[in-house]
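Let me begin by presenting the structure, written as structure tokens, before commenting on it.
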Amino acid sequence: MKTFLRILKYLLPYKKTVLLLIFSMLLYVVLNIFSLAMVVPLIDVIFTDVTQTAAEVQIDLTKGNIKDQLMGWLYHTLGQYPKKEALFYVCIFIAVGFLLKNLTAYMQMFMNAAIEQGILRDIRNELHRHLHKLSLHFFMATKKGRLISIVMNDVRMITESIMALLGSFFRDPLTIIVSTVILFIFNWQLTLTILIVTPVVGYFIGRIGEKLKKYSLLFQEKLSEITTLIDESISGVRVIKAFKMEQHEIEKFETHTSKLYKIFVKLQRIRNISSPFSEYSGIVIAVIVMWFGGSAIIDKTSPMTAGQFIFYLTILITMLQPIKIVTQVFNTVKEGTAAGERVFAVLDIKPRIIDAPNATELKEFKDTITFDDVSFKYDTTSLVLKNINLKVKKGEVIAIVGPSGAGKSTLVDLVPRFYDPVEGNIFIDEINLKNVTQDSLRDMMGIVTQETILFNDTIAANIGYGVKDVPIQKIIEAAKIANAHFFIEKMQNGYDTTIGDRGIKLSGGERQRLAIARAVLKNPPILILDEATSALDPESEMLVQEALERLMKNRTSFVIAHRFSTIQNADRVVVMEKGSIAQIGKFAELITEEGLFKKLYELQFRL
Ligand code: ATP
């Protein structure tokens, strides 16, 4: 219930439209009953002897119950005209009544679309905005497919449930209430008998709702898994082909789709049972009414005329549709609540890296970056960095080397505050990183990682990513510095060429040079380079190396180096081993010292 109330809050920005919608729904209810009510004069006044019927009901507008008064007024008014003329007026009333009823129905749909799509957009935007606030911890622990599925499928489910509720809430329960009141007015004894069986029907519908929620949750979970699988098998298509794992992937996928199929069939069967169940319960009631009410008419013991009895039955039968809808809505709300729980579980995650309340803007980088006794661990690991002490002067190029898993990437991830140390602190010009805003800190940095993530956009947009309103001339300049201009020019549409998902249409070296051009354009004082491990051909390597050197000029750089050729010009080399700094010094010094660096060097050149 709490979850659904929270879901309903998304209606607040649309309150005016919602009010209009409610108004048109109320109008619809009135017009619907009005259109139906015209059946009474049609039968009684026109096809039976109206004067006799009018006499039976004793036309006295001050006496009798509401039904008698209303009917009396109607018979009296119509009775004044010849039958044909009365029939004509009744026909006109019915035609106008139905026209208005349908107009209000259209008005409802008209407003529904705006509210529905608005809510869908709002929740998706909120989720997406929230995802960008979350730190890397969250993305490391959550599967991409699950997130995509939540943003796409669960949000749609929530919206559907709100709309189902809204579409029905002010119309169907009201129709049911108004119809019940009319039934009471016409024959309270009969109506009371009917009402006694409703709790039994309600109990079964409640049970169905609970089951639906359970299966809906299972269904959404399975859908997330399948989205993850699609993502993995498309992104990993090269590896899958190389290892001839297509059949394995196909089987894995089909096992999941079979499970999804089973869950969906079950869900659909449960979903569908409530509707015939509620309709049939209603029909049974109507048949009982037909028998007892009809018998009373035949025996002339009924308080109702034939026309009134038919009206009573019509109201009862037309109540079945809204009852059916209300039960469906109840189920959809249950399913929406399940989806809401998944969406809110993400929305309620607090970002771990947040700006301190008194965080200041980092205006410039003047002097040093200091690691002061820094230790770090991931949620699932023991310490991967242990007591790191390092002072980096402005303008220095620090190369970081070490065996795989030594903690090199983790160390540099702490500088832009992708993670915070679990112990110790990092200072930039004596200011603790935790006391500056993340935006101003990251403004100081350019990051060229192993992944060189590029977006499915034009070359120009990829280079200009993160820099606002940049003129093409500047982009070309950056590309030239990055040794990229030459190959870009040769492409079909030059800087307007689209480069495919993650730059799939580019070679490794080209991708790297684009990423370098991006960093050149940003022109940050601090650089973090996580050098690509994949080998480039000598020409490409030379071009990348040259571009990197130009990029690093006059900047403070942290370079995770896998190739020793890259680090010869570094001011200092930090050698990492099992999360600690094993050696530190100039390349030329380290190469002569006995230790890990020498071993790694000899290993690389097979000395
Ligand atoms: P490589 O040269 O292979 O890139 P590295 O020296 O950069 O290695 P890191 O990536 O910093 O090493 O990893 C250090 C340790 O932390 C490794 O044992 C790794 O398994 C672990 N690790 C890295 N990222 C995560 C993560 N997101 N969650 C849990 N453990 C992680």
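Answer yes or no: is there a residue in the stretch 333-345 that is closer than 30 Å to residue 162 by Cβ, open to solvent by less than 40 Å² (accessible area, probe 1.4 Å), outside any helix (DSSP H, G or I) and touching a residue at least 12 places away in the same chain (Cβ under 8 Å).
Let us first name the residues in the stretch 333-345 that are closer than 30 Å to residue 162 by Cβ, namely 333-345.
Next, only the ones that are open to solvent by less than 40 Å² (accessible area, probe 1.4 Å) stay: 333, 335-340, 342-344.
From the residues that got through so far, the ones that are outside any helix (DSSP H, G or I) too are none.
Looking through the stretch 333-345, none of the residues is closer than 30 Å to residue 162 by Cβ, open to solvent by less than 40 Å² (accessible area, probe 1.4 Å), outside any helix (DSSP H, G or I) and touching a residue at least 12 places away in the same chain (Cβ under 8 Å).
Do any helices (runs of 4 or more DSSP H) entirely within the stretch 136-253 hold 2 or more residues that are surrounded by 15 or more Cβ atoms within 10 Å (Cβ to Cβ) and modelled with pLDDT under 85, and if so, which?
Numbers: elements: 136-141, 144-149, 155-169, 172-186, 188-196, 198-235, 237-242.
In the stretch 136-253, 155-169, 172-186, 188-196, 198-235 are the helices (runs of 4 or more DSSP H) which contain 2 or more residues that are surrounded by 15 or more Cβ atoms within 10 Å (Cβ to Cβ) and modelled with pLDDT under 85.
Taking the criterion of being under 13 Å from residue 420 (Cα atoms) and away from the ligand (no atom under 16 Å from the Cβ), the residues of the stretch 350-371 that qualify are 351, 354, 355, 356. Of note, residue 274 satisfies the criterion of being in contact with a Ser or Thr (Cβ under 9 Å, 6 or more places away or on another chain), of a type outside the set (Phe, Trp, Tyr) and assigned to a helix (DSSP H, G or I).
The number of residues in the stretch 408-430 being surrounded by 15 or more Cβ atoms within 10 Å (Cβ to Cβ), within 16 Å of the ligand (Cβ to nearest atom) and hydrophobic (A, V, I, L, M, F, W, C) comes to 6. Residues considered: 556, 566. Of these, the only one that is within 15 Å of the ligand (Cβ to nearest atom) and under 47 Å from the mean Cα position of the chain (by Cα) is 566. Residue-level analysis places residue 354 among those that are under 29 Å from the mean Cα position of the chain (by Cα) and farther than 23 Å from residue 7 by Cα. In the stretch 255-277, the residues that are of a type outside the set (Gly, Ala, Ser) reach residues that are open to solvent by 70 Å² or more (accessible area, probe 1.4 Å) and assigned to a helix (DSSP H, G or I) with C-beta atoms within less than 7 angstrom, at least six apart or across chains, in these pairs: 256/225; 263/218; 270/211; 277/204.
Across the stretch 594-604, what is the total count of residues that are open to solvent by less than 40 Å² (accessible area, probe 1.4 Å) and either of a type in the set (S, T, N, Q) or not in a helix (DSSP H, G or I) (or both)?
Initial filter on the stretch 594-604 (open to solvent by less than 40 Å² (accessible area, probe 1.4 Å)): 595-597, 600.
With the extra rule that they be either of a type in the set (S, T, N, Q) or not in a helix (DSSP H, G or I) (or both), the set shrinks to 595.
The number of residues fulfilling the criteria is 1.
Among residues of the stretch 69-81 that are among the β-branched types (Val, Ile, Thr), none has a beta-carbon under 9 Å from a residue that is not in a helix (DSSP H, G or I) at least six positions away or on a different chain.
Each row is one residue, and each column tells you yes or no for (1) over 23 Å from residue 5 (Cα atoms); (2) in the same structural domain as residue 428 (by TED's automatic domain parsing); (3) at pLDDT 85 or above.
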{"position": "305", "(1), (2), (3)": "yes, no, no"}
{"position": "314", "(1), (2), (3)": "yes, no, yes"}
{"position": "320", "(1), (2), (3)": "yes, no, no"}
{"position": "330", "(1), (2), (3)": "no, no, yes"}
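In the stretch 389-406, the residues that are under 27 Å from residue 429 (Cβ atoms) reach residues that are within 16 Å of the ligand (Cβ to nearest atom) and basic (Lys, Arg) with C-beta atoms within less than 7 angstrom, at least six apart or across chains, in these pairs: 400/408.
Checking each residue in the stretch 392-407 for being surrounded by fewer than 21 Cβ atoms within 10 Å (Cβ to Cβ) and within 13 Å of the ligand (Cβ to nearest atom) picks out 403, 404, 405.
The numbered conditions (1) within 16 Å of the ligand (Cβ to nearest atom); (2) open to solvent by 10 Å² or more (accessible area, probe 1.4 Å); (3) within 28 Å of residue 142 (Cβ to Cβ) are all true for residue 375 except (2).
Of all residue pairs spaced 6 or more apart or on separate chains, those with beta-carbon atoms under 6 Å, a first member in the stretch 411-438 that is more than 17 Å from residue 366 (Cα to Cα) and a second member that is assigned to a strand (DSSP E or B) and open to solvent by 30 Å² or more (accessible area, probe 1.4 Å) are 422/377; 424/372; 424/373; 425/372.
If the condition is being under 11 Å from residue 112 (Cα atoms) and either within 18 Å of the chain's Cα centre (by Cα) or of a type in the set (S, T, N, Q) (or both), then the stretch 3-24 contributes only 17. Taking first residues from the stretch 301-325 that are under 23 Å from residue 25 (Cα atoms) and partners that are of a type in the set (D, E, K, R) and outside any helix (DSSP H, G or I), the Cβ contacts under 8 Å between residues at least 6 apart in sequence or on separate chains come to 322/171.
Would you check if residue 330 is closer than 19 Å to residue 167 by Cα, among the aromatic types (Phe, Trp, Tyr) and open to solvent by 20 Å² or more (accessible area, probe 1.4 Å)? Yes: the conditions hold for residue 330. Filter the stretch 445-488 down to the residues that are more than 16 Å from the ligand (Cβ to nearest atom) and of a type in the set (D, E, K, R), then identify the one that is most open to solvent (accessible area, probe 1.4 Å). Filtering the stretch 445-488 for residues that are more than 16 Å from the ligand (Cβ to nearest atom) and of a type in the set (D, E, K, R), the one most open to solvent (accessible area, probe 1.4 Å) comes out as 468.
Looking across the stretch 3-52, just one residue is modelled with pLDDT under 85, of a type in the set (D, E, K, R) and in a helix (DSSP H, G or I), and that is 44.
The values are calculated or read from the model by the stated rules, or taken from the named source; none is laboratory data. The shown structure was predicted, so the numbers you read here are calculated from the model rather than taken from an experiment. When we count neighbours, we look across all protein chains shown, and the Cβ atoms used for this are built from the backbone with ideal geometry, even at glycine. Note: accessible area is taken over every heavy atom of the protein model, side chains too, but ligands, DNA and RNA are not part of it. Shrake-Rupley method; radii C 1.70, N 1.55, O 1.52, S 1.80 Å.
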